[in-house]
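What follows is a short report on a single structure.
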Amino acid sequence: NSTVSALRRISYIEPLLATGDCSGRINIWNTTSGTLLNSFFHTKNRNDCVTSLDTYKANLTIVLLSSNGQKYIYRWKIHHTGSNKELKAIDLNEEVYPVCFKVRILNTSNYLAVAFTNYMIGVYNLSDESTQKIASLKENTDTIIGIDCFFQIINNTDRYRFVLVTVAKDKTLRVWETTDETFSNYTEHKIDLESMPTSIDYIWDQYFYCN
């Protein structure tokens with residue numbers, strides 16, 4: 001057994017849950033029965049700790065992403081039975097490594113937000129054929145330990161703004177909001193926290209909480 005280092009509900013397939021551990025193993029669970037459906041290593045090196053997990057839907061395929069703090073973000077097609085098929089890994093073509101990431105969908109496009117070891121954040125348009133970088137943001141001078149993002153309706157219209165949230169080891173929570181439907185213009189807000197956060201997430205009425 002090894003310490004669980006990441007977990008993520010597998011979107012669109014109830015009731016599956018993916019967990020990653022410090023041995024590099026990913027487990028797929030049925031949360032209703034508590035049954036382990038599948039278990040595999042996300043790299044050939046079995047000491048690579050799984051640092052981040054997320055899922056997205058591409059056409060009719062459910063894709064699980066994982067990272068180990070190294071160059072690539074790994075991808076698997078996940079079946080409703082829990083079985084997996086390895087897909088081509090994502091190479092972000094950066095000189096630094098990803099720390100954590102989050103995927104959100106708008107219409108038919110998936111957007112990947114990635115925090116890197118140099119405190120930078122990249123936003124990418126994620127597709128099966130390519131991964132196009134569409135924005136780059138500078139975080140503060142400490143390690144990002146949690147990231148989330150979502151799309152917010154602009155003033156009851158059919159337009160959306162992109163909202164990105166991070167927490168860092170210097171006990172800060174930062175929020176970036178696009179000023180329009182493009183990813184080129186952002187406003188930034190900083191909130192000082194009283195204690196060290198361990199994660200970031202959001203609930204439907206758009207309040208944030210840290211654990």
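The values are calculated or read from the model by the stated rules, or taken from the named source; none is laboratory data. What you are looking at is a predicted structure, and each value in this text was computed from that prediction instead of being measured. With ideal geometry, Cβ positions are generated from the backbone for all residues, glycine too; neighbour counts draw on all protein chains shown. What goes into the accessible areas is simple: the full protein's heavy atoms, side chains included, and nothing from ligands, DNA or RNA. Shrake-Rupley method; radii C 1.70, N 1.55, O 1.52, S 1.80 Å.
Summary table
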| quantity | calculated |
| --- | --- |
| The chain - percent relative contact order, Cα under 8 Å, separation 6 or more | 10 percent |
| Proximal lysines relative to Lys138, as straight alpha-carbon distance under 22 Å, when same-chain residues fewer than 8 apart are discounted | Lys71, Lys102, Lys169, Lys171, Lys190 |
| Fluctuation leader among Ile28, Ile200, Ile191 - the chain, Gaussian network, Cα springs under 10 angstrom | Ile191 |
| Karplus-derived HN-Hα couplings along segment 164-172 (A = 6.51, B = -1.76, C = 1.60, θ = phi - 60°), whole Hz, x at Gly and Pro | 10, 10, 9, 10, 10, 5, 7, 6, 10 |
| Mean separation of Cα contacts under 8 Å (6+ apart) over length of segment 28-129, as relative contact order % | 18 percent |
| Two-site label geometry, Ser33 and Asn47: point separation in nm, points 7 Å out along Cα→Cβ | 3.7 nm |
| Positive-end residue, segment 33-106 charge dipole about Cα centroid, Cβ charges, pick of Thr61, Tyr74, Val103 | Thr61 |
| Exposure ranking of Thr43, Thr166 by accessible area [1.4 Å probe, largest first] | Thr43, Thr166 |
| Heavy atoms of Thr55: accessible area, 1.4 Å probe, square angstrom to 10 | 10 Å² |
| Heavy atoms of Arg161 accessible to a 1.4 Å probe, total area in Å² rounded to 10 | 50 Å² |
| Accessible surface ranking that places the most exposed of Tyr72, Tyr111, Tyr56 first, with a 1.4 angstrom probe | Tyr72, Tyr111, Tyr56 |
| Given charges at beta-carbon only (K, R positive; D, E negative), |dipole| of the chain in Debye | 620 debye |
| Size of segment 40-91 as Cα extents on the principal axes (Å, biggest first) | 31, 21, 16 |
| Solvent-accessible area of Lys71 with every protein chain in place, 1.4 Å probe, in Å² to the nearest 10 | 80 Å² |
| Computed E for Leu106/Asn156 - FRET, C-beta separation, R0 25 angstrom, nearest 0.05 | 0.90 |
| 10 Å-binned pair-distance histogram of the chain (Cα, whole percent) | 8, 34, 38, 18, 2, 0 |
